[in-house]
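**Student:** This is the structure, below, for whatever I ask next.
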Amino acid sequence: MDTPPVSGSDSDSDDDSLITDRELQDAFSRGLLKPGLNVVLEGPKKAANDVTGLKQCLAEFKRDLEWVERLDVTLGPVPEVSGPQSSLQKKDQKAVDPEDDFQREMSFYRQAQAAVLAVLPRLHQLKVPTKRPTDYFAEMAKSDQQMQKIRLKLQTKQAAMEKSEKAKQLRALRKYGKKVQTEVLQKRQREKTHMMNAIKKYQKGFSDKLDFLEGDQKPVERSTKEKAKGQQMKKGPNAKRRYKNQKFGYGGKKKGSKWNTRESYDDVSSFRAKTAHGKGPKRPGKKGSNKRPGKRTREKMKNRTR
């Protein structure tokens, strides 16, 4: 069988693998290889100082612009005016401890101050404005669409908060309404119970007042005479007892109350002879002698008719 032709890249890779295998076999036969992990050590990198290349790159991005466009200043920090260490700082201004945060920040501040003091007069000479005008409007960092989204989000949030507040108020009003309703119902029940008790007392004769019929009207203050009269009535019998006394008498002996006594027998002032013997005036509506005959008379009358 004919083997298919092998491409050039495959043949090169096979040759390299064969070469490396042969080298490994030779090294193993010499005793240079040892069992374990084999790490390839690379030599130290050499630093290349390509001066011509650096100059060429600098020429490519270097631009000859005016100072107004660049605004670059190279200055040292402003020396301190007062202080015991001012002479030492003048001698050695670069001696700043990088570990001291306060000293490091102060050096940055004084350097920026020195740059401002040196640049402001120069800008004034070039007639460059250094203060913001009163009618200055800066461009927004965010677009109008983004700000519109934020505004809508804030509006929806505010509407949700107002809705929740209204719901809380409605719940509170409902609770208050229920409380008032229960109080009104309890008050009506108390008034009804009081009226029923007053009616029962009046029916049983324990009280002779009808103030409970006036409803919620406040009782008018009575005079001293009426108060005294009420006190006297309270001391005497109640209404029920007075009604029974009026109807049946004032108590005492009931049986034999119509019997004659010596005084009633001797008292003949109310005797009328005509009235006693039926000779007095006839009562209206009464006829004369209209008496029914006896039984024997009725039988005789029947026999006669036969």
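The values are calculated or read from the model by the stated rules, or taken from the named source; none is laboratory data. Just so it is clear, the model here is predicted, and its values are computed rather than measured. Note: ideal-geometry Cβ built from the backbone for every residue, glycine included; neighbour counts use all protein chains shown. Accessible surface areas use protein heavy atoms only, side chains included; no ligands, DNA or RNA. Shrake-Rupley method; radii C 1.70, N 1.55, O 1.52, S 1.80 Å.
**Student:** Restricting to the stretch 276-306, name every residue that is at pLDDT below 75 and part of a helix (DSSP H, G or I).
**Tutor:** 276
**Student:** Here's something else I'd like to know. Could we say that residue 128 is open to solvent by less than 100 Å² (accessible area, probe 1.4 Å), part of a helix (DSSP H, G or I) and at pLDDT 85 or above here?
**Tutor:** Considered against the rule, which asks whether it is open to solvent by less than 100 Å² (accessible area, probe 1.4 Å), part of a helix (DSSP H, G or I) and at pLDDT 85 or above, residue 128 comes out as no.
**Student:** Another question, if that's okay. Among the residues in the stretch 54-67, are any of a type in the set (A, V, I, L, M), surrounded by fewer than 10 Cβ atoms within 10 Å (Cβ to Cβ), modelled with pLDDT of 80 or more and farther than 25 Å from residue 117 by Cα?
**Tutor:** yes
**Student:** With respect to residue 9, is the statement that it is of a type outside the set (D, E, K, R), surrounded by 10 or more Cβ atoms within 10 Å (Cβ to Cβ), modelled with pLDDT under 60 and not assigned by the TED database to the domain that holds residue 110 true?
**Tutor:** no
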